[in-house]
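A.B. asks: Let me begin by handing over the structure; questions about it come next.
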Amino acid sequence: MPRFVVLRHESPSSHRAGVHWDMMLEYDGALRTWALTTEPAPGASIAAVALPDHRLHYLTYEGPISGDRGEVSRWDEGTYEMRRETLDELVFQLNGNRLTAEYSLRRTPEDNLRWTFRCSPS
């Protein structure tokens, strides 16, 4: 079963200042990644930005990021099952320590890099 990780990413003022959460899904030898603007929570609808794929190394890494881009710590981890996937929507079951439900990522019509992350209705 493929793995996922959510990293809490504290960024310095020189690079996307503040805190965001990196949602990473293992897929085809890499991690598909979205930056979430707030901490994932049941029922929340969270703005997300698609980022370039990351190395599998981040499934277990915690610490400083090269290039003075801040630090990451593991917020959640586990496995996931893809339920449905189109160009504009991913629906998947997360089986983590904190996130255990069906979630979705939906692309916004205005911008290919902007998505919405939320817990799917049961």
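A.B. asks: List the strands (runs of 3 or more DSSP E) that sit entirely inside region 29-118 and contain at least 3 residues that are among the acidic types (D, E) and in contact (Cβ under 8 Å) with a residue 40 or more places away in the chain.
C.D. replies: Numbers: elements: 30-36, 45-54, 71-85, 89-96, 100-108.
In region 29-118, 71-85 are the strands (runs of 3 or more DSSP E) which contain 3 or more residues that are among the acidic types (D, E) and in contact (Cβ under 8 Å) with a residue 40 or more places away in the chain.
A.B. asks: Further question on the same structure: Examine region 1-23 for a residue that is in contact with a strand residue (DSSP E or B) (Cβ under 6 Å, 6 or more places away or on another chain), in contact (Cβ under 8 Å) with a residue 24 or more places away in the chain, of a type in the set (G, A, S) and open to solvent by 20 Å² or more (accessible area, probe 1.4 Å), and state whether such a residue exists.
C.D. replies: no
A.B. asks: Right, another one. With the requirement that a residue be closer than 17 Å to M23 by Cα and of a type outside the set (A, V, I, L, M, F, W, C), what does region 57-68 give you?
C.D. replies: Residues satisfying the conditions are H57, Y58, T60, Y61, E62, G63.
A quick yes/no check of all residues on (1) under 18 Å from R3 (Cβ atoms); (2) at pLDDT below 95; (3) of a type outside the set (D, E, K, R):
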site	(1), (2), (3)
A30	yes, no, yes
W34	yes, no, yes
H57	yes, no, yes
I65	no, yes, yes
R83	yes, no, no
N112	no, yes, yes
C119	no, yes, yes
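A.B. asks: Next question. Got a number for residues in region 75-122 being in contact with an Asp or Glu (Cβ under 7 Å, 6 or more places away or on another chain), farther than 26 Å from Y61 by Cβ and open to solvent by 70 Å² or more (accessible area, probe 1.4 Å)?
C.D. replies: Of the residues in region 75-122, 2 are in contact with an Asp or Glu (Cβ under 7 Å, 6 or more places away or on another chain), farther than 26 Å from Y61 by Cβ and open to solvent by 70 Å² or more (accessible area, probe 1.4 Å).
A.B. asks: Would you call T33 hydroxyl-bearing (S, T, Y), surrounded by fewer than 18 Cβ atoms within 10 Å (Cβ to Cβ) and in contact with a strand residue (DSSP E or B) (Cβ under 7 Å, 6 or more places away or on another chain)? Spell out how you get there, then give the answer.
C.D. replies: On the way: hydroxyl-bearing (S, T, Y): yes; surrounded by fewer than 18 Cβ atoms within 10 Å (Cβ to Cβ): no; in contact with a strand residue (DSSP E or B) (Cβ under 7 Å, 6 or more places away or on another chain): yes.
No, not satisfied.
A.B. asks: Mind checking whether some residue in region 24-39 is within 15 Å of R8 (Cα to Cα) and more than 15 Å from the chain's Cα centre (by Cα)?
C.D. replies: No, that holds for no residue.
A.B. asks: Return the residues of region 79-95 that are closer than 16 Å to L36 by Cβ and touching a Ser or Thr at 6+ places or on another chain (Cβ under 8 Å); say none if nothing qualifies. Reasoning before the result, please.
C.D. replies: Kept after step one, since they are closer than 16 Å to L36 by Cβ, are these residues of region 79-95: 80, 90, 92, 94.
Within region 79-95, L90, F92, L94 qualify.
The values are calculated or read from the model by the stated rules, or taken from the named source; none is laboratory data. All values derive from a computational prediction rather than experimental measurement. As a convention, Cβ positions derive from the backbone with ideal geometry for all residues, glycine included, and neighbour counts pool all protein chains shown. What goes into the accessible areas is simple: the full protein's heavy atoms, side chains included, and nothing from ligands, DNA or RNA. Shrake-Rupley method; radii C 1.70, N 1.55, O 1.52, S 1.80 Å.
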